[in-house]
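First up is the structure itself, then whatever we jot down about it.
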Amino acid sequence: MVCLGNICRSPMAHGLLQHKVEQQKLGWQIDSAGTGDWHAGELPDKRAMANMKGHGIDISYQRARQIQNIDLDEYDVVYVMDISNLANVQRLAKNPDQLQKITLIMNEVPDAELVEVPDPYFGIGNEGFEQVYKMLDKVTDRIIEKYK
Ligand code: 4NP
């Protein structure tokens, strides 16, 4: 799961998918990263942790990191949150195998209202985070159904 800072959207996506994978005992390896390195080593944003906690999911075990080329070998599918993330991660890819793993996450919901998961970082309060939660809750259900 990849976004810009790896402190808001991708940690929420990571936490949601991890939670569902554990519930269903699927044994998949899930991780998240940012295209930027400004927040490397940090906890998720307090608002992201609070929103997720409100939905019964703890993401305080996560620490931000920047995506590296090796992630495109290590993982079978690389989901990005928006079109800017898509361009940045595609630029990191070194071969067609790596390139074909990179997908805009909302592509998994064909009837989705929005094709990008909006960045909630500069918003005020919980509203943007709740919108992100709802989108990611739906799409992670689809991902589970698709690959399980
Ligand atoms: P994220 O949100 O990409 O969903 O983690 C952001 C976090 C930090 C910044 C931008 C977006 N930032 O500019 O520091």
Select from segment 109-148 the residues that are touching a residue at least 12 places away in the same chain (Cβ under 8 Å) and under 18 Å from TRP28 (Cα atoms) and list them in ascending order. LEU136, ASP137, VAL139, THR140, ASP141, ARG142, ILE143, ILE144, LYS146, TYR147, LYS148
Yes or no: VAL117 within 16 Å of the ligand (Cβ to nearest atom) and in contact with a Lys or Arg (Cβ under 6 Å, 6 or more places away or on another chain)? yes
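Considering only residues that are part of a loop (DSSP other than H, G, I, E, B) and not aliphatic (A, V, I, L, M), which ones fall in segment 83-98?
Listed by number, the residues that qualify are LYS94, ASN95.
Within segment 18-51, which residues are aliphatic (A, V, I, L, M) and crowded, with 24+ Cβ neighbours inside 10 Å?
Of everything in segment 18-51, just one residue is aliphatic (A, V, I, L, M) and crowded, with 24+ Cβ neighbours inside 10 Å, namely ALA48.
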Log entry, pairs with first residue in segment 61-82 being buried (at least 21 other Cβ atoms within 10 Å of the Cβ), second being in a loop (DSSP other than H, G, I, E, B) and among the hydroxyl-bearing types (Ser, Thr, Tyr), beta carbons closer than 8 Å, six or more apart or on different chains, reads GLN62/SER32; ILE67/THR35
Given the conditions (1) within 15 Å of the chain's Cα centre (by Cα); (2) of a type in the set (Asp, Glu); (3) part of a helix (DSSP H, G or I), which single one is not true for ASP119? (3)
Screening VAL109, VAL132, VAL139 for residues that are of a type outside the set (Ser, Thr, Tyr), in contact with a helix residue (DSSP H, G or I) (Cβ under 9 Å, 6 or more places away or on another chain) and away from the ligand (no atom under 16 Å from the Cβ) leaves only VAL109
So which of ILE67, ILE102, ILE7 is of a type in the set (A, V, I, L, M, F, W, C) and under 21 Å from LYS134 (Cβ atoms)? ILE7
Please go through segment 111-142 and pick out each residue that is over 11 Å from ASN51 (Cα atoms), of a type in the set (A, V, I, L, M) and crowded, with 19+ Cβ neighbours inside 10 Å. VAL117, MET135, LEU136, VAL139
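Out of segment 52-67, which residues are within 11 Å of ILE7 (Cβ to Cβ) and not basic (Lys, Arg)?
Those that are within 11 Å of ILE7 (Cβ to Cβ) and not basic (Lys, Arg): ILE59, GLN62, ALA64.
FYI, it's all coordinate maths here, none of it is from the lab. Treat the numbers as computed from the prediction; the structure is a model and nothing was measured. Glycine gets a Cβ as well: all are built from the backbone with ideal geometry, and neighbour counts include every protein chain shown.
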